[in-house]
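The values are calculated or read from the model by the stated rules, or taken from the named source; none is laboratory data. The shown structure was predicted, so the numbers you read here are calculated from the model rather than taken from an experiment. Ideal geometry is used to build each Cβ from the backbone, glycine not excepted, and the neighbour counts take in all protein chains shown. Accessible surface is based on the protein model in full, side chains and every heavy atom, while ligands, DNA and RNA are left aside. Shrake-Rupley method; radii C 1.70, N 1.55, O 1.52, S 1.80 Å.
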Amino acid sequence: QIASSAQWAQDPLATIEGYTEALPLHRSVGNANLLCSALCNLALFEAAVGHLGDAERDAHEALELYPPEEREKKPMLAFAYRALAECAYEHRNAEAFQHACSAFNILTAHGGTRSCTAEMHLLMAKQALAAGQAEQGETEFFAALAIDEEATLAMMPSMPLVRAWCNRYRTA
């Protein structure tokens, strides 16, 4: 996982290929937590490059590693829900998006990775804009920036969000 993740900036598809090649080994070990980590990270990478079907499949496989009553005790699953939120956003499925956001929020209520949380806020900003809720979108966008500016910008804010930033911070 570490070697594959290190390739992300130079070759995102090699990262996905590396994770995919590692899955049989993870499955053979029989450690659900290790397999969950690989599947959740893979789902995030797949969603980021637009392989939505693969991302959904891998995120759901990660969720299925645990019975529903145990999932709230597995913080790594926040990454699966983050990937599912991105897929739902891209599919314009507001109900699935809201479900993924709610599950993500439950899993990160006691903390989570700053970058993943910022990314989720940016997805919520984009979703709000798509629903015609510009003010809510801007609120989520600025929350994302406050959490992790680099992660937020890496998620490619839409032009209305860039304009909101310019209106707030540009002096000329």
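What FRET efficiency do you get for L34 and M159 if R0 is 45 Å and r is their Cβ-Cβ distance, rounded to the nearest 0.05?
0.65
In the chain, carbon and sulfur make up what percent of the accessible area (probe 1.4 Å)?
In the chain, the share of accessible area belonging to carbon and sulfur is 54 percent.
Taking the full set of protein chains and a 1.4 angstrom probe, give the accessible area of S115 in square angstrom, rounded to the nearest 10.
Using a 1.4 Å probe on the heavy atoms, I get roughly 50 Å².
Put one equal scatterer on each alpha carbon of the stretch 1-103, apply the Debye formula with no solvent term, and list log10 I(q)/I(0) at q = 0.11, 0.12 1/Å to two decimals.
Evaluating at q = 0.11, 0.12 Å⁻¹ gives log10 I(q)/I(0) of -0.31, -0.37.
To the nearest 10 degrees, how steeply does helix 52-64 sit against the main Cα axis of the chain, on a 0 to 90 scale?
60
Mean separation of Cα pairs under 8 Å and 6+ residues apart, divided by the residue count of the chain: what relative contact order is that in percent?
Working: 199 pairs, mean separation 22.9, N = 172.
Relative contact order comes out at 13 percent.
Might you tell me the accessible area per residue for the chain, computed with a 1.4 Å probe and given in Å²? Don't skip to the answer; put the middle values down first.
Working: 9350 Å² over 172 residues.
For the chain, the solvent-accessible area averages 54 Å² per residue.
Mind giving me the nanometre distance, one decimal, between the label points for E69 and A96, set 7 Å out from Cα along Cα→Cβ?
Once both label points are built, they end up 2.9 nm from each other.
Work from the charge dipole of the chain (Cβ charges, +1 for Lys and Arg, -1 for Asp and Glu, about the Cα centre) and give the residue of M159, L77, N105 farthest towards its positive end.
M159
Could you work out how far the C-alpha centroid of the stretch 11-35 sits from that of the stretch 97-162, in angstrom?
If you average the Cα positions of each part, the centres end up 28 Å apart.
Can you show me the helix-derived [θ] at 222 nm for the chain, built from DSSP H runs with n ≥ 4 at -39,500 (n - 2.57) apiece and divided by the number of residues, rounded to the nearest 500.
About -23500 deg cm²/dmol.
Where does the chain land on Rg(C-alpha)/(2.2 N^0.38 Å)?
1.06
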